[in-house]
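> Attaching a single structure in structure tokens format; questions to follow.
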Amino acid sequence: MSQALETSYAPPLPGKPSIARNRSLNGAKLWRKLKPFLYLLPALLLLGIWMYRPLLNTFYLAFHKWGMVPGTSPEFVGFDNFTRLMENKSFLSSIGNTLFYTAGLLPFSILIPLLLATVTHQMEGRMKNVYRALFFVPMILAPVSVSAIWRWLFHPSNGLVNDVLLRLGAISQPIAYFSDPSFAKWLILFITGWKMVGFSTIMFSAALTGINREYYEAAAIDGAGSMKQFFRLTVPLMSPMILFMLTMSILFSSQWTFAYIDILTTGGPYGTSTNVYYEMYKYAFSNLNAGFSAAAALLFFIVFGVISLTLNQLSRRYSFYDN
Amino acid sequence: MTKAKKGISALLALTTAVGLSACGSAAGSSGEAEQGKLDPANPTKITFYSYSLAAPTMKAGMEHLIQEFNDTIGKEKGVVVEAVADPTYQQYKADISAGKPVDIVQHTFSTLDASRLNLGFKAYEDVFPKDQLEEHLKGIEPNALELGKIDGKMYGLAFTFSTPIVFMNGKLFRDAGLDPTTPPKTWADIKEASLKIKAATGKDGFGLAPNNGWTTEGLILSNGGEVLADDRKSVKFAEPAAVEAIEMWQDMYKNGAHAVGAEAELAEQFMAGNMGMYITSTALYSGIRKASEAGGWDVYGTGLPQFGDKPSIPVNSGSMLAVRPDSPTKNAAVWEFIKFVTGDRGYTIITSEIGYLPLRTALADDPNGLKDFIDKHPLYRTNLEQLQRIHPVAIWPGEYASEITTLFSDAISKSVISDSNVAETLQKAADEINKMIQ
Amino acid sequence: MKKKFSGLAIAQHTVLAAMCLIALFPIYWMVNSSFKNESEIFTSSLIPLKPIFSNYTYAFEQMPIIRMMFNSFGVASLLTLSQLATGLLAAYALVRWRFRGQGFIFALLSLTWLIPFQAVMIPNYVLVNQLGFNESLIGIVLPFAVSTFAILSLYQSFNSFPRVLIEAACIDGQSDFGILTRLILPNIKSTVASLGIILFINGWNEYLWPMLITKKMENAPLQIGLRMFVNSDTNMWGSMMAATAVSCLPILLIYLVLRRQIVDSFVRFGIK
């Protein structure tokens, strides 16, 4: 917290009788102590019920077996779920896929947007805003709509992509993209990336406008070419934003793919496009194995926590603020 | 209240709630089932979860079936059936989890045992009057009846039923110089025909979805292989006969002008007139018929191909009716519905309007039943003929049925689509499954 | 000063135009396909030669689109309102007073970022069913009624509000709630509006939870209903594209009208 709060309560009004002041002070003191909590109550209560309680419950379930059917109760099984998870090949390969999505999304969330932001930044006037507005459109569309469109475009026998590729002679047979192990996950990656590019571009554009022009002019005077300017000036000055987007991307990219996996491939073909989140969902609602899902969630939560703490530290260390 | 305290008390509350709800459920019934009294003035509501209601080609027929019941027997006896569409076969599970009344489910075969154990489905002998049950079952194809039995008791009554059919696009056949009225009989014939069609018309000659979930078993069985051992304690699809069957399919996929894609995409391709042969359930027949009329081609059909001289062994697809009424009145209400939809009238509607098989095979020759319909659509005779040779689809044991289904399906997909060694892939999956069901 | 038509500029514009094409072409293709009749739908024509409208009527027949759109609006609006309300109160508390446990609460709020929804979905699902809120808008909204993003963002903007004004109002005898509603709020209207827009878009796009909770089309938000339509084994691609186009329409209209504000909102909340 940047600013200290100098007053923890309002100064007492002048002119009140002393006894009354004492009593009202005591009552008032208690009231003032409680006030902040009162304002916080709705938020904390709701979070408690819908975030923290279930989290603890999930941790509890991780050590039990339960089919989620009312009338049955969870059965304690110790570390059984965890050992089965570790042996489960599809879970292990889903971890690999999660890493794939995380790393794979980086070009879409960092590199390409950075390029686009820089290029549009140097433009004058209206074109800049027009481009930015257009890039942003995929971002506001809902996942289901996006999936429907892409499914249609990549349909094996009726889709535009195969049609064009066949006509150009690039392929001789139509490809069933979502059923093909070599294509399914790349396509999911591409679709997620397609949607996210606009978001990052806008963020980077905003960060760029925050950089003081004088630095560039000084650098130009010093004879630095545009490449040098980019790497020595732009990137470090944008480092807070870059690290922020990097953190968000690493932490959330697999989550962003969830809807597309569910609609387009359900993790297939034979588990080549699934990721940890999707497996968790499948264990719970498809196999009705709550304990298994909870164990995966617990494991993941720990790993996730470690990663984000590390990223946080990194962020603090490497952010270069302009002061 | 500190967060820790809050958390612990909430946790305790939840655990108590769960524990109490466990105490609340009654134990199952035993012995002869009690049948409540039905009252037309006070109709009993029962819920029917059906996946056919979510499939465009089957929806109208199923709705008609339910509506007719509600308007005739339902009105007369005091039963109202509320239908719930279940497109992903998950809704009934989710609703049971949520404590909602789920009385009848159009249930697929492979996960019946899991449902029996985990979701409270009941045996017919336990909830319906014995003599009425026996009387009603007469006339239904005995092979079909066996399919819903577990440990000697009937947990599912065959409802919508079909065997795999090789649908053929008559136009593409003739364009390739083949005669659709003398269809291919063996897998070797199929491959030959497929390649000819591709060469002559440029369209894929054959399609069978690798993740089809049932015909695969027919493929294995037709070659003399087995999927699940009879004692249900081990899987046998990694043995040589089965491996050979899948290897044949893998070869077909790579060298036999086999179309690519998931089930839905293959169906679309065939219906668009761009595939020579397509193996799928007769349930799609009405949809295919309409598509062929719109597209200007004609459709033929033949039974599951055989390996060499060995007669093919088709498995059934479709569903059965699994029940879990929770009161004597519901027992009676559900029984009325079951009797109607699996009676003569029910099967007549199911066959003529949706496309499944009439399990009361006598209907095929009954002029008041389906004789005219079947005469117009000789495809059904093929179907009925195959019915005599069917083998049940594997009902995976116990609680891991969903996971086993996935493992098996994934292994088959991988074997067929990729270049992997079929024997190895199947063995790996078999080992994993065996570990689960030991 | 760069010349306007230098080679670099042309290259830049080409790249940008290409990116724009990639961004927008799918949407164009969707609209294009939605007007094609059955024989044209499988061709690659860029404009339908014989446009029809029946795809749209079919889609409207098969799905209760208006009802579902209403659901989506309801969910998005309720979510926005509740997230803003709880966020305002909570952020106010954190800024206005200093009290014991403040750091702890901050940590708690930041921690919720780490919790993926899949980790809490099972107990929430059980609870919502027990409360009987499944298939209802309330059930969809409740687990997301609080957004820590909103709280933290509002905290940032409250922090930049001049303290002296707050103290002056205090001395003047204003109640705390009054300070919030009559002093601070009117002055950060645009920030709240921007935040509201972001929250609304997020609410509109919610996927996993509404899918778990609603199974009947009439109760589902537009996206979930669309999904049921998309996954049924149908060959009615024209209608499917029509349905998708309809589902995109509301948000695209809002975007057209509020484009400036929406983009600014995202920008503002990215820069901390």
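The values are calculated or read from the model by the stated rules, or taken from the named source; none is laboratory data. Since we're looking at a predicted model, the values are computed, not measured. No Cβ is skipped: glycine too gets one built from the backbone with ideal geometry, and neighbour counts run over all protein chains shown.
> So, in region C:90-104, of the ones that are free of Cβ contacts under 8 Å to residues at least 60 places away in the same chain and facing chain A (nearest Cβ under 7 Å), which residue ends up nearest to residue C:163 (Cα to Cα)?
C:97
> What is the residue count in region B:122-181 for residues that are among the aliphatic types (A, V, I, L, M) and over 28 Å from residue B:214 (Cα atoms)?
4
> Another one. Which number in (1) under 28 Å from the mean Cα position of the chain (by Cα); (2) buried (at least 21 other Cβ atoms within 10 Å of the Cβ); (3) farther than 30 Å from residue A:201 by Cα; (4) of a type in the set (A, V, I, L, M) marks the one condition that residue A:68 misses?
(1)
> What number of residues within region A:176-196 satisfy the criterion of being of a type in the set (Gly, Ala, Ser) and under 25 Å from the mean Cα position of the chain (by Cα)?
The total comes to 2.
> What residue, of B:354, B:350, is modelled with pLDDT under 90 and under 30 Å from residue B:39 (Cα atoms)?
B:350
> Among the residues of region C:202-221, which ones are aliphatic (A, V, I, L, M) and either modelled with pLDDT under 85 or under 18 Å from residue A:258 (Cα atoms) (or both)? I'd like the intermediate steps shown before the answer.
Going residue by residue through region C:202-221, those that are aliphatic (A, V, I, L, M) are C:208, C:211-213, C:217, C:220.
C:208, C:211, C:212, C:213, C:217 - these are the residues of region C:202-221 that are aliphatic (A, V, I, L, M) and either modelled with pLDDT under 85 or under 18 Å from residue A:258 (Cα atoms) (or both).
> Go through (1) more than 30 Å from residue C:134 (Cβ to Cβ); (2) surrounded by 20 or more Cβ atoms within 10 Å (Cβ to Cβ) and name the single condition residue C:225 misses.
Checking residue C:225 against (1) more than 30 Å from residue C:134 (Cβ to Cβ); (2) surrounded by 20 or more Cβ atoms within 10 Å (Cβ to Cβ), the one that fails is (1).
> Can you name every residue in region C:16-46 that is more than 15 Å from residue A:152 (Cβ to Cβ) and modelled with pLDDT of 85 or more?
C:16, C:17, C:18, C:19, C:20, C:21, C:22, C:23, C:24
> Here's another thing I want to ask about it. Take residue A:217 and decide whether it is acidic (Asp, Glu), more than 30 Å from residue A:83 (Cα to Cα) and either within 14 Å of chain B (Cβ to nearest Cβ) or out of contact with any Leu (no Cβ under 9 Å at 6 or more places or on another chain) (or both).
yes
> Scan region B:60-87 for residues that are within 14 Å of chain C (Cβ to nearest Cβ), in contact (Cβ under 8 Å) with a residue 24 or more places away in the chain and under 21 Å from the mean Cα position of the chain (by Cα) and jot them down.
Listed by number, the residues that qualify are B:60, B:62, B:83, B:84, B:85, B:86, B:87.
> Of everything in region A:109-126 that's at pLDDT below 80 and within 8 Å of another protein chain (Cβ to nearest Cβ), which residue is surrounded by the most Cβ atoms within 10 Å (Cβ to Cβ)?
Restricting to residues being at pLDDT below 80 and within 8 Å of another protein chain (Cβ to nearest Cβ), the top hit is A:123.
> Would you mind listing the helices (runs of 4 or more DSSP H) fully within region B:359-438 where at least 3 residues are of a type in the set (Gly, Ala, Ser) and in contact (Cβ under 8 Å) with a residue 60 or more places away in the chain?
B:401-417, B:422-437
> Within region A:150-165, work out how many residues are over 17 Å from residue A:190 (Cα atoms) and either more than 10 Å from chain B (Cβ to nearest Cβ) or assigned to a helix (DSSP H, G or I) (or both).
Of the residues in that region, 3 qualify.
> May I pose another question? If you take the residues of region C:160-175 that are within 20 Å of residue A:37 (Cβ to Cβ) and surrounded by 13 or more Cβ atoms within 10 Å (Cβ to Cβ), which of them is nearest to the other protein chains (Cβ to nearest Cβ)?
Selected residue: C:170.
> Would you please name the residue that is nearest to the other protein chains (Cβ to nearest Cβ), looking only at residues in region C:134-148 that are within 14 Å of residue C:75 (Cα to Cα) and assigned to a helix (DSSP H, G or I)?
Initially, region C:134-148 is screened for residues within 14 Å of residue C:75 (Cα to Cα), giving C:134-146.
Filter once more, so that each one left must be assigned to a helix (DSSP H, G or I): C:137-144.
Values: C:137: 16, C:138: 12, C:139: 11, C:140: 12, C:141: 10, C:142: 6, C:143: 4, C:144: 8 Å.
So the residue we want is C:143.
> On to the next question. Might you check whether a residue that is within 14 Å of chain A (Cβ to nearest Cβ) and either of a type in the set (Gly, Ala, Ser) or under 29 Å from residue B:210 (Cβ atoms) (or both) occurs anywhere in region B:378-398?
Yes, some residue in region B:378-398 is within 14 Å of chain A (Cβ to nearest Cβ) and either of a type in the set (Gly, Ala, Ser) or under 29 Å from residue B:210 (Cβ atoms) (or both).
> What are the pairs, 6+ residues apart or on separate chains, where a residue within region A:58-80 that is outside any loop (DSSP other than H, G, I, E, B) has its Cβ under 9 Å from a residue that is hydroxyl-bearing (Ser, Thr, Tyr)?
So the pair list comes out as A:58/A:293; A:60/B:15; A:61/A:293; A:64/A:73.
> Taking residue A:254 as the residue in question, decide whether it is within 21 Å of residue B:407 (Cα to Cα), modelled with pLDDT of 85 or more and either assigned to a helix (DSSP H, G or I) or not aliphatic (A, V, I, L, M) (or both).
Judged against the criteria, residue A:254 is not a match.
> Here is a list of conditions, (1) within 14 Å of chain B (Cβ to nearest Cβ); (2) of a type in the set (Gly, Ala, Ser); (3) assigned to a helix (DSSP H, G or I), and residue A:200 meets all of them except one; can you say which number that is?
(1)
> Within region C:179-217, track down each residue that is surrounded by 20 or more Cβ atoms within 10 Å (Cβ to Cβ) and of a type in the set (D, E, K, R).
Hits for region C:179-217 are C:206, C:215.
> Give region A:274-298 a look and list any residue that's farther than 14 Å from residue A:66 by Cα, assigned to a helix (DSSP H, G or I) and touching a helix residue (DSSP H, G or I) at 6+ places or on another chain (Cβ under 7 Å), or say none.
A:276, A:277, A:278, A:279, A:280, A:281, A:296, A:297, A:298
> Would you point out the residue of region B:145-159, among those that are touching a residue at least 60 places away in the same chain (Cβ under 8 Å) and touching a strand residue (DSSP E or B) at 6+ places or on another chain (Cβ under 8 Å), that is farthest from residue B:337 (Cα to Cα)?
B:147
> Are any residues in region C:105-133 surrounded by 23 or more Cβ atoms within 10 Å (Cβ to Cβ) and away from chain B (no Cβ under 13 Å), and if so, which ones?
If the condition is that a residue be surrounded by 23 or more Cβ atoms within 10 Å (Cβ to Cβ) and away from chain B (no Cβ under 13 Å), then C:118, C:119 are the ones that fit.
> May I pose another question? Looking only at region C:176-210, which residues are of a type in the set (Ser, Thr, Tyr) and either outside any helix (DSSP H, G or I) or within 14 Å of chain A (Cβ to nearest Cβ) (or both)?
C:181, C:194, C:207, listed by residue number.
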